[in-house]
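Peer 1: First, the structure itself, so that you have it in front of you.
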Amino acid sequence: LFLCFSSLLFYYINKNARFYKLFYINKLLFFVGIGTMLFHGRLVYIFQLMDELPMVLIAIEATKLLQTLKIYEYDRSRGVYDITKYVLLFVMIYSYTISPILEVIIFQGSLIYYVLLFCTTCKRLFDTKICNCVSNLGLKNDLLFYIKVSLTTSLLSITIWLIENNFCNSVSHLQLHAYWHLLSSISMYYLNNILKTFILLNNEKIKQIK
């Protein structure tokens, strides 16, 4: 429910801004929320996929969006291609027929890889000239705030998730899983704002070219 609310809140605030590519990522976040609710309600594999596949797609599409911006000054040949995305999704689904554990390993490994790729891309964009231009100081300060909040809530949610998974019997009464979802939703909301700010910086770059 928290993830769905995070998605709807971001869309409502920015619905007139026409961030079309960003809204696609935001729709994926909404589907993660739906998949999570269904999977927690009934432990069925199809609902597990509805929970996991959009997560990987969010990381892929967010990285792809950033690497297609004009302010991205690095080689895009290492970027994320659609064929890679579709092959990966097929492998994730098929791997479950071999072993559920294998599917979990592929899912978690893929998610970690693309999250790290996304973070690397963000760092490269943050160091570009347009981002450090004096006229864009306000946007850069906003970007710093969004990054700090998103990272802090992500780290807290992952810490809570690890505690819950390793000491489930001892901490079950604390309902830590609910806090994991809440903090993850906050992190995703600010992740959307990070993407939005990079798009705004990219628009400033286009104006300078014109």
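Peer 1: Checking the structure you have, find out if any residue of region 134-143 is modelled with pLDDT of 85 or more and open to solvent by less than 80 Å² (accessible area, probe 1.4 Å).
Peer 2: Yes, region 134-143 contains a residue that is modelled with pLDDT of 85 or more and open to solvent by less than 80 Å² (accessible area, probe 1.4 Å).
Peer 1: Looking at region 98-125, which of the residues that are of a type in the set (S, T, N, Q), assigned to a helix (DSSP H, G or I) and free of Cβ contacts under 8 Å to residues at least 24 places away in the same chain is least open to solvent (accessible area, probe 1.4 Å)? Quick ask: steps written out before the conclusion?
Peer 2: Keep residues of region 98-125 that are of a type in the set (S, T, N, Q), which gives 99, 108, 110, 120-121.
If we keep only those that are assigned to a helix (DSSP H, G or I) too, we end up with 108, 110, 120-121.
Of the ones still in play, those that are also free of Cβ contacts under 8 Å to residues at least 24 places away in the same chain are 108, 120.
On the way: GLN108: 83, THR120: 67 Å².
Of everything passing the filter in region 98-125, THR120 is least open to solvent (accessible area, probe 1.4 Å).
Peer 1: Now a separate question. Here is a list: VAL80, VAL56. Which entry is within 23 Å of ILE194 (Cβ to Cβ), modelled with pLDDT under 85 and β-branched (Val, Ile, Thr)?
Peer 2: Working: VAL56 fails: modelled with pLDDT under 85.
The match here is VAL80.
Peer 1: Tell me, which residue of region 5-17 that is over 14 Å from the mean Cα position of the chain (by Cα) and not hydroxyl-bearing (Ser, Thr, Tyr) is surrounded by the most Cβ atoms within 10 Å (Cβ to Cβ)?
Peer 2: ASN14
Peer 1: So which of LEU38, LEU43, LEU66 ends up being surrounded by fewer than 17 Cβ atoms within 10 Å (Cβ to Cβ), among the aliphatic types (A, V, I, L, M) and touching a Phe, Trp or Tyr at 6+ places or on another chain (Cβ under 7 Å)?
Peer 2: Details: LEU43 fails: touching a Phe, Trp or Tyr at 6+ places or on another chain (Cβ under 7 Å); LEU66 fails: surrounded by fewer than 17 Cβ atoms within 10 Å (Cβ to Cβ).
Exactly one of LEU38, LEU43, LEU66 is surrounded by fewer than 17 Cβ atoms within 10 Å (Cβ to Cβ), among the aliphatic types (A, V, I, L, M) and touching a Phe, Trp or Tyr at 6+ places or on another chain (Cβ under 7 Å), namely LEU38.
Peer 1: Something else: Being under 22 Å from THR120 (Cβ atoms) and hydroxyl-bearing (Ser, Thr, Tyr) is the filter; apply it to region 144-178 and report the residue that is most open to solvent (accessible area, probe 1.4 Å).
Peer 2: THR152
Peer 1: State which residue pairs qualify: first residue more than 21 Å from GLU52 (Cα to Cα) and assigned to a helix (DSSP H, G or I) and inside region 1-28, second residue among the basic types (Lys, Arg) and open to solvent by 100 Å² or more (accessible area, probe 1.4 Å) in any location, beta carbons under 8 Å apart, and separation of 6 or more residues or different chains.
Peer 2: Note: no pairs meet the criteria.
The values are calculated or read from the model by the stated rules, or taken from the named source; none is laboratory data. Note that this is a predicted model, so its numbers are computed, not measured. Every residue, glycine as well, gets a Cβ built from its backbone with ideal geometry; the counts of neighbours run over all protein chains shown. Each accessible area value is taken on the protein alone, full model and side chains, heavy atoms only, with ligands, DNA and RNA left out. Shrake-Rupley method; radii C 1.70, N 1.55, O 1.52, S 1.80 Å.
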